[in-house]
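Notes follow the structure.
Rule-based calculations on the coordinates, nothing more; no lab input. This is a predicted model, so every value here is computed, not measured. Glycine gets a Cβ as well: all are built from the backbone with ideal geometry, and neighbour counts include every protein chain shown.
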Amino acid sequence: MQKTSTKTLYDYWNALRGSRSAPDRRDIDPTRIRAALANTFILELNDHNEFDFRLAGSHLCSAYARELKGRSFSRLWHDRDRDAMETLVKAVTEDHAVALVTFQGSTAVNTRLTIETILLPLRHNGTTHSRLLGAMTALDEPYWFGVQPIMEQRITGLRLIWPDDVSHSELARDVATAVPRHEELAFATASSSMPPPLTATLYGRSARRYAHLAVIDGGRR
């Protein structure tokens, strides 16, 4: 996590959930994360099984030069990256992992910036399937930020983190996936449903594979 807003939101979420896998939506107190509010968003599942922005901070709206509330989060991503994002979202909503994503946003005149994104599970009506808490923060704000909207975005890095696993090294705790080539983001299946995980052994540890992501079980019991 490179940006203060990302760390602030993660630390607040982690403290708020306590021994639970995720805090309840009603537990969120915006006054406790004032420094990160401009970068914070909440997503909700729509009738098409995709996620829309329910709330979006001013920093996010500036990056796209438009109000994001009610707009699709799922459709922001390049076509080749949507399967990867769907896999990450499932890991967050079903396995209660934390997803950390970096992506490069491009404007109509091919100016670019890099943005750090975090996705956190959030409980709503007893489940974690319909809400997500997150933040997006530009690593550096160019002079044209807020004037030239992001028109296309491509993932440059993915990471899954299990907050409850504190007994092993960072390598054993986290799944870190660098994406040097865009083609690596295209899954073998074109189906919108996620295939069942395959078992494998990585670094001497049992792992489950979801497409190109390896989920390493750590110290959770």
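On the beta carbon distance between Glu67 and Asp164, with R0 = 30 Å, the FRET formula returns roughly 0.25. Stokes-Einstein diffusion for region 1-72 at 4 °C, viscosity 1.567 mPa s, with a Kirkwood radius from C-alpha pairs, works out to 97 µm²/s. Compared with the alpha-carbon gap, the fully stretched path from Arg20 to Lys90 is longer by 23.4 nm at 0.36 nm per residue. Extending 7 Å from Cα along the Cβ direction at Thr127 and again at His78 yields two label points whose distance is 3.3 nm. Each label point was placed 7 Å from the Cα along the Cα-to-Cβ direction; for Asp140 and Ser58 their separation is 2.5 nm.
Given a Förster distance of 41 angstrom, what is the FRET efficiency for Asp47 paired with Ala108, based on the Cβ-Cβ distance and rounded to 0.05? The value I calculate is 0.85.
Counted by neighbouring Cβ atoms within 10 Å, the residues Arg131, Arg32 run from fewest to most as Arg32, Arg131.
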